[in-house]
Amino acid sequence: MSPKQIFRAAALAVAGAFLSGPAAAAEELVVYSARIEQLIKPMFDAYTKETGVKITFITDKEGALIERLKAEGPNTPADMLITVDAGNLWQATNEGLLKPVQSEALGKNVPVHLKDPQNRWFGLSVRSRTIFYNTQKVKPAELSSYEDLASSKWKGRLCLRTSKKVYNQSLVAMMIAEHGEPKTEQLVKGWVANLATDPFPDDTKMLEAIAAGQCDVGMANTYYFGRLVAKKPNLPLGIFWANQQGSGVHVNVSGAGITKHAKHDKEALKLLEWLSSEKAQNLFADVNMEFPVNARVKPDPVVAAWGSFKQNLINVAKAGELQAAAVKLMDRAGYK
Ligand code: FE
């Protein structure tokens, strides 16, 4: 090659790298999300605006998405799975659907108890499941812990959501992690013995029953309380941070992991890091009145007004590991 030809070849190679290199890899990402469209689209739009990366997503129930990832295997177009509840994230890793990543940013942004010990998924928002009470019938000083709700002083005064919901399965799984099965079974039996009425299909109906005086106390995720009082600010409903003298409030996460067969894994990691960053954490948490995982980010003012609280620091992966045991235990205890 003449010097001129070498120069031309080099120039073409540079141009080629420029056109097909970073641009092609960065153009598109595919996300499967069990978080509904209203909760994820604003973040994806912000990310696309900032980076130019286009994000295609589908939303469905977590079980359906996990089945779909299994069925698609190596042919899946999905780069990332977003879902609610660590129990579901654990299930996805148990099926081998997510892969570990190394990331300094995620290490810094996501507390140890809110991510997979093997770095295959990371919590992105915190959901707290705590105690709610009728302010006309209960004084906060009468309340203390989830365990106390099993004591006979609450006989005929407790409402629960159904044990079929993963939130309660995770709560009981975390109690097993803390107390062991025999003690947890006694506690759950105590709850059942204290029920004012049959378990409710969702947290909102249960909170409404407390407000209506059908029962005095119950447990719910705080964002259901937030949504309800936003619509009906005068309901006699109070929030109580459970177990503050003990191990802390039961928390769970919404979170995400990169799929084992991701075609754009480097780009997916960039999105995951961005979602945990100061820039995006309010977008992720505030839209559903949840708490940011990133300790440097403050919650939405409405959420912050509920007060600060100590979280239970047991790793949320336990919610998955002990889920099957929790389901069996609740069944034995007669918790429908
Ligand atoms: Fe929910």
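The values are calculated or read from the model by the stated rules, or taken from the named source; none is laboratory data. Model, not experiment: these values are computed from the prediction. Cβ placement follows ideal geometry from the backbone for every residue including glycine, while neighbour counts extend to all protein chains displayed. Just the protein is used for accessible areas: all its heavy atoms, side chains included, with ligands, DNA and RNA removed. Shrake-Rupley method; radii C 1.70, N 1.55, O 1.52, S 1.80 Å.
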*asked:* Being open to solvent by 30 Å² or more (accessible area, probe 1.4 Å) and within 20 Å of the chain's Cα centre (by Cα) is true for just one of A317, A305, A295. Which residue is that?
replied: A295
_Give me the residue from the range 135-158 that is assigned to a helix (DSSP H, G or I) and free of Cβ contacts under 8 Å to residues at least 24 places away in the same chain and, out of that set, surrounded by the most Cβ atoms within 10 Å (Cβ to Cβ)._
D148
*Among the numbered criteria (1) within 19 Å of L275 (Cβ to Cβ); (2) of a type outside the set (S, T, Y); (3) modelled with pLDDT of 95 or more; (4) touching a helix residue (DSSP H, G or I) at 6+ places or on another chain (Cβ under 7 Å), which single criterion is violated by I66?*
(1)
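Could you list, in sequence order, all residues of the range 123-171 that are within 16 Å of the ligand (Cβ to nearest atom) and farther than 22 Å from Q214 by Cβ?
The initial filter retains those residues of the range 123-171 that are within 16 Å of the ligand (Cβ to nearest atom), namely 123-130, 132, 160-171.
If the condition is that a residue be within 16 Å of the ligand (Cβ to nearest atom) and farther than 22 Å from Q214 by Cβ, then G123, L124, S125, V126, R127, S128, V166, Q169, S170 are the ones that fit.
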*Could you please tell me which pairs satisfy a Cβ distance under 9 Å, a separation of 6+ or placement on different chains, a first residue in the range 188-216 that is touching a residue at least 24 places away in the same chain (Cβ under 8 Å), and a second residue that is within 16 Å of the ligand (Cβ to nearest atom) and open to solvent by 40 Å² or more (accessible area, probe 1.4 Å)?*
P199/K164; F200/E208; P201/K164; P201/K165; D202/K165; D203/K165; T204/R227; Q214/E208
_Given (1) within 16 Å of the ligand (Cβ to nearest atom); (2) under 15 Å from the mean Cα position of the chain (by Cα), identify the lone condition not met by Q281._
(1)
*asked:* Can you confirm whether A262 is touching an Asp or Glu at 6+ places or on another chain (Cβ under 6 Å), under 22 Å from E62 (Cα atoms) and modelled with pLDDT of 95 or more?
replied: yes
*What number of residues within the range 299-315 satisfy the criterion of being closer than 24 Å to Q245 by Cα and out of contact with any Ser or Thr (no Cβ under 8 Å at 6 or more places or on another chain)?*
7
*Output the residues belonging to the range 205-226 that are open to solvent by 10 Å² or more (accessible area, probe 1.4 Å), away from the ligand (no atom under 15 Å from the Cβ) and part of a helix (DSSP H, G or I).*
E208, A211
*Looking at the range 104-134, which of the residues that are farther than 13 Å from N252 by Cα and in a strand (DSSP E or B) is most open to solvent (accessible area, probe 1.4 Å)?*
Y133
*Select from the range 227-240 the residues that are touching a residue at least 40 places away in the same chain (Cβ under 8 Å) and away from the ligand (no atom under 12 Å from the Cβ) and write down the one among them that is most open to solvent (accessible area, probe 1.4 Å).*
A230
*May I ask you to verify whether D85 is closer than 17 Å to E321 by Cα and at pLDDT 95 or above?*
no
*How many residues does the range 271-308 contain that are among the acidic types (D, E) and at positive phi?*
0
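When you scan the range 269-285, how many residues do you find that are open to solvent by 10 Å² or more (accessible area, probe 1.4 Å) and of a type outside the set (K, R)?
Step one: filter the range 269-285 for residues open to solvent by 10 Å² or more (accessible area, probe 1.4 Å), giving 269-270, 273-274, 277-279, 282-283.
Narrowing further to those that are of a type outside the set (K, R): 269, 273-274, 277-278, 282-283.
The total comes to 7.
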_Selection within the range 250-268 - surrounded by fewer than 21 Cβ atoms within 10 Å (Cβ to Cβ) and either among the aliphatic types (A, V, I, L, M) or outside any loop (DSSP other than H, G, I, E, B) (or both)_ = D265, K266
*How many residues are under 21 Å from G320 (Cβ atoms) and under 24 Å from the mean Cα position of the chain (by Cα) if we restrict to the range 181-216?*
3
